[in-house]
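Notes follow the structure.
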Amino acid sequence: MNALNTGHTVAVIGAGAMGAGIAQVAASAGHPVMIYDKAPGAAQAGIAGIAKGLDRQVERGKLDSTQRNAILARLSPISDLKDLAPAALVIEAIVENLAIKQQVLTQVEAICSTDCILASNTSSISITSIAAGLQRPQNLAGLHFFNPAPVMKLVEVISGLDTDPAITDCLLATAGAWGKQAVQAKSTPGFIVNRLARPFYAEGLRLLDEGAADSATLDALMRDAGGFRMGPFELMDLIGHDVNYAVTRSVFDAYYGDDRFTPSLTQQALVEGGRLGRKSGRGFYDYAADAPRAEPARLSAGTQAVVDSIVVEGSLGPADGLIARLQECGIKVIRRDGPGLIRIADSVLMLSDGRMATERAAIESIHNLVLFDLALDYSRCSRIAISLSDQADSSALAPVVALLSAAGIEVSLLDDAPGLAVLRTVAMLANEACDAVLQGVCSARDADTAMQFGVNYPAGPLAWAEQVGLGYIHRTLTHLQQSYGETRYRPSALLRRKAFSGESIHD
């Protein structure tokens with residue numbers, strides 16, 4: 001089905017930040033847009049807010065005054081729901097309450113034509129549940145924008161149990177015509193983004209709770225090694241712990257207590273204590289003007305440790321790029337056959353596979369074992385996490401730190417946690433994406449697109465997993481499950497299948 005013609009009127013119910021943002025998107029695409037809000041003057045205030053935002057774009061040279069005026073001319077505040085009758089598409093962006101959404105959309109359904117498309121911007125409520133209160137449930141779909149709607153590229157188009165596929169196709173095409181990256185999802189808890197993003201927060205919180213590192217160090221590792229724009233703790237502080245915790249609780253409850261989504265007691269305590277993040281002035285970090293900046297922990301190479309050559313035994317798999325970087329920095333590399341490790345003086349450096357360094361050292365009879373973490377791009381990363389086996393001499397760290405420092409890489413020592421930081425997070429993100437694909441929630445392509453454009457991940461979790469190797473990700477999860485003895489880390493059946501077949505998840 002084609003996108004809505006720009007001659008068709010779009011109506012938005014709710015003139016808050018999200019509703020106004022959606023109205024701006026539709027008007028910028030050329031549609032006449034009506035804005036309704038039950039609060040007196042709210043629709044006018046919403047349009048005034050849009051005007052201020054457009055004025056800033058004009059000042060920055062991103063928009064000319066003619067375009068600004070044309071967008072505003074397409075926006076009309078209305079004070080009575082009955083005025084929505086001419087609309088071809090009505091998008092509700094009101095409070096996240098099932099009964100209220102059903103009540104409003106039931107009224108709209110009685111006012112508008114029988115072929116009017118109804119859409120909900122809900123981020124968490126079942127589209128099937130909302131539609132259950134309508135006479136024409138086939139006309140309703142989810143149209144989930146991300147805040148701020150004019151800036152964020154992603155839109156999730158969600159099909160409920162009764163949604164007409166033609167409605168879904170029209171909304172996908174319309175969102176694309178509005179300049180958005182549209183992805184299709186089945187109405188399940190969390191849809192795509194809010195479900196697939198849970199491990200990003202959960203693994204960081206677990207590492208913090210287990211004393212592997214502090215929040216500043218873990219955030220730095222996810223940025224500087226993982227390539228994420230923000231680490232989990234600074235992102236939770238930005239979102240607000242009340243909001244983030246509520247989403248996690250909602251997904252956890254909706255999946256009948258599946259321990260993959262278990263909420264954090266640490267985050268619960270922050271909510272109970274009113275430490276909600278930036279908006280309250282304190283969360284994991286203190287945002288007072290005079291508060292000292294939290295700095296990540298790092299190890300110094302020291303003046304005595306100098307490394308000019310290493311022995312590389314076998315392939316390091318996803319970390320082979322690190323060897324090329326070391327060579328470019330003047331480190332002599334001697335190659336031999338072997339299991340995939342680096343020998344530096346008396347130390348042995350290996351890429352983590354999800355096991356603790358202590359366990360691996362015992363099983364493989366390796367003295368002075370140091371594990372290092374996954375990185376998005378070893379040729380450019382500026383920080384790497386390492387862990388030391390309990391059996392190793394403390395002197396085993398110095399040559400490893402000296403080697404990585406010679407390549408311009410800062411080193412953060414984590415307590416001996418399975419999978420370190422980036423690896424376990426990426427593995428769990430990919431695993432959750434695999435299960436979403438397996439369960440028909442979305443396609444592999446849409447899972448990757450959603451996480452890149454909805455939460456700015458440096459790579460789609462499934463594409464990332466295939467880049468480093470599905471077998472490696474599956475092995476990591478298996479080891480994590482063995483370490484913790486929990487179903488939380490169980491590998492998805494789809495991931496297991498593809499790991500053994502060697503086929504792509506995107507096929």
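Laboratory data are not the source of any read-out in this text; all were calculated from the coordinates shown. All of these numbers come straight from a predicted model, not from anything done at the bench. Glycine gets a Cβ as well: all are built from the backbone with ideal geometry, and neighbour counts include every protein chain shown.
Let me know the longest stretch in the chain that avoids all GluC sites (Glu not before Pro) found in a DSSP loop with at most 16 other C-beta atoms within 10 Å.
On the way: sites that count: 96, 210, 486, 503.
That gives 211-485 as the longest site-free run.
With one equal scatterer per alpha carbon and no solvent term, the Debye-computed log10 I(q)/I(0) for region 227-351 at 0.13, 0.22 1/Å reads -0.78, -1.21. When only Cα pairs below 8 angstrom with a gap of at least 6 residues are kept, region 198-280 shows a relative contact order of 32 percent.
For region 258-331, chymotrypsin sites (Phe, Trp or Tyr not before Pro) are listed when DSSP marks them as loop and at most 13 other Cβ atoms sit within 10 Å of their Cβ; the list is 287.
So for 455, 370, fewest C-beta neighbours within 10 Å to most, what's the order?
Going from least to most buried by this count: 455, 370.
The C-alpha radius of gyration of region 309-413, expressed as a fraction of 2.2 N^0.38 Å, stands at 0.96. Basic side chains Lys and Arg get +1 at the Cβ, acidic Asp and Glu get -1 at the Cβ, and with that the dipole of the chain about its Cα centre reaches some 880 debye. In order along region 473-490, phi translates into HN-Hα couplings of 5, 4, 5, 4, 5, 4, 5, 4, 5, 5, 5, 9, x, 10, 6, 3, 9, 5 Hz, rounded to whole numbers, per the Karplus curve 6.51 cos²θ - 1.76 cosθ + 1.60 with θ = phi - 60° and x for Gly and Pro.
Normalised by the number of residues in the chain, the average gap of Cα pairs under 8 Å and 6 or more apart makes the relative contact order 12 percent.
Suppose a student asked you for the relative contact order of region 10-187, using Cα pairs under 8 Å spaced at least 6 residues apart; what percent would you report? All intermediate terms of the calculation are to be shown ahead of the outcome.
Numbers: 344 pairs, mean separation 35.2, N = 178.
Answer for region 10-187 is 20 percent.
Bridges between two residues of the chain, per DSSP, are antiparallel at a rate of about 30%.
Counting beta carbons within 10 Å around each of 236, 350 and listing the fewest first gives the order 350, 236. Scaled against 2.2 N^0.38 Å for its residue count N, the alpha carbon radius of gyration of the chain is 1.09.
Charge dipole of region 422-501 (Cα centre as origin; +1 on each Lys and Arg Cβ, -1 on each Asp and Glu Cβ, all else neutral): 260 debye, rounded to the nearest 20. In a simple Cβ point-charge model (Lys, Arg +1; Asp, Glu -1; nothing else charged), region 309-413 has a dipole of about 280 debye relative to its Cα centre.
Average the reciprocal distances over every distinct pair of alpha-carbons in region 195-253, invert the result, and give the Kirkwood radius in Å.
About 11.7 Å for region 195-253.
Among 152, 428, 451, a tally of other beta-carbon atoms within 10 Å of each Cβ gives an order, fewest to most, of 152, 428, 451. Isolated cysteines in the chain, defined as those with no second cysteine Cβ under 4.7 Å, comprise 170, 329, 381, 434, 442. Fully extending the segment from residue 288 to residue 467, taken as 0.36 nm per residue of separation minus the present Cα-Cα distance, adds 60.3 nm. Compute the separation of the alpha-carbon centres of region 63-109 and region 187-224 and state it in Å as a whole number. Using only Cα atoms to place each centre, the spacing works out to 36 Å. Label sites at residue 382 and residue 95, each approximated as a point 7 angstrom past Cα along Cα to Cβ, lie 4.5 nm apart.
Note the angle between two axes, namely the Cα long axis of helix 444-454 and the longest principal axis of the Cα atoms of the chain, as a number of degrees from 0 to 90, rounded to the nearest 10. It works out to around 80 degrees.
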